[in-house]
1. At a probe radius of 1.4 Å, what is the per-residue accessible area of LYS130, in Å² to the nearest 10?
2. For the chain, what D do you get in µm² per second when you plug the Kirkwood radius from alpha-carbon pairs into Stokes-Einstein at 4 °C and 1.567 mPa s?
3. May I ask what percent, to the nearest 5, of DSSP beta bridges between residues of the chain are antiparallel?
4. Return the carbon/sulfur percentage of the accessible area of the chain, one whole number, probe 1.4 Å, all protein chains in place.
5. Full-extension gain between ALA14 and LYS28, please, as 0.36 nm times their residue separation minus the C-alpha to C-alpha distance.
6. Taking only protein heavy atoms into account and a 1.4 Å probe, give the accessible area per residue of the chain in Å².
Amino acid sequence: MKTIVIANWKMNPATFREARKLFEATKKIADSAKSIAIVVAPPALYMRELRGAYMGARISFAAQNACFELGGAHTGGVSLAQIKDARVQYVLVGHAERRAAGETNEDTGKKVAAALAAGLVPIFCVGETKRSGSGEHFLFVKDQLRAGFASVPPAKASRVIVAYEPVWAIGSDAAMSPRDMHEMAIFIRKTVVEVCGESGHKVQILYGGAADETNAADMLRDGDVRGLLVGRASQDAGRFAALIRALGDA
Ligand code: PGA
């Protein structure tokens, strides 16, 4: 199975012209990395045009957020049907920055289920805000997982991708250690199996939070993950190329 690398551009860049330039560079990187599935998550406003102009098969697209409602009076919202109509396959659910802006565990559960029902692959983000020696972070992540998978039919559990992103690592200088990720990956799988049954063993897990060219290969080799959710290092073509090259050696 291919390694998955998600390029989360967040609310960048400021102009469509720059977005097109970054996408062109990402396209070249993807063309040279046959064993890696690259998924670009641009701002919603750029999505349709970038997607529409892309004729290749190497890159897939993800929306950064979506509403779970089918349509109607939700000013500023983007629906799953609209995302699907733009030929986008993936949608991020519960990113830490959405949770910080008020998204609840209950919301994420509705979004994960609605995304599956719409035929999209949810990339369901979980992760604790802080860690202490007492292991409370496991309970925190467990609650997030339980809520997110609450309405997922057992047969569809393995379609959900779980992106574990400790909030304290997002935007910071240092990623979590692969050893700690490995421990968390085992815990995530165990919890998904508790909620969804045996198919939970097959859930795919990504790591995110300061993932870059210096730590990507080690994380893939020792972290028990299928891939990475990359913020800053995906928004700079040079760094993203270096990251993808580093994975070639993993
Ligand atoms: P970062 O962001 O790679 O810039 O830490 C990761 C994320 O928020 O998805």
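The values are calculated or read from the model by the stated rules, or taken from the named source; none is laboratory data. Every value quoted in this text rests on a predicted model; they were computed, and no experiment measured them. Just the protein is used for accessible areas: all its heavy atoms, side chains included, with ligands, DNA and RNA removed. Shrake-Rupley method; radii C 1.70, N 1.55, O 1.52, S 1.80 Å.
1. 150 Å²
2. For the chosen part, D equals 72 µm²/s.
3. 0 percent
4. 53 percent
5. Working: separation 14, 0.36 × 14 = 5.04 nm, distance 2.17 nm.
Gain on stretching ALA14 to LYS28: 2.9 nm.
6. 47 Å²
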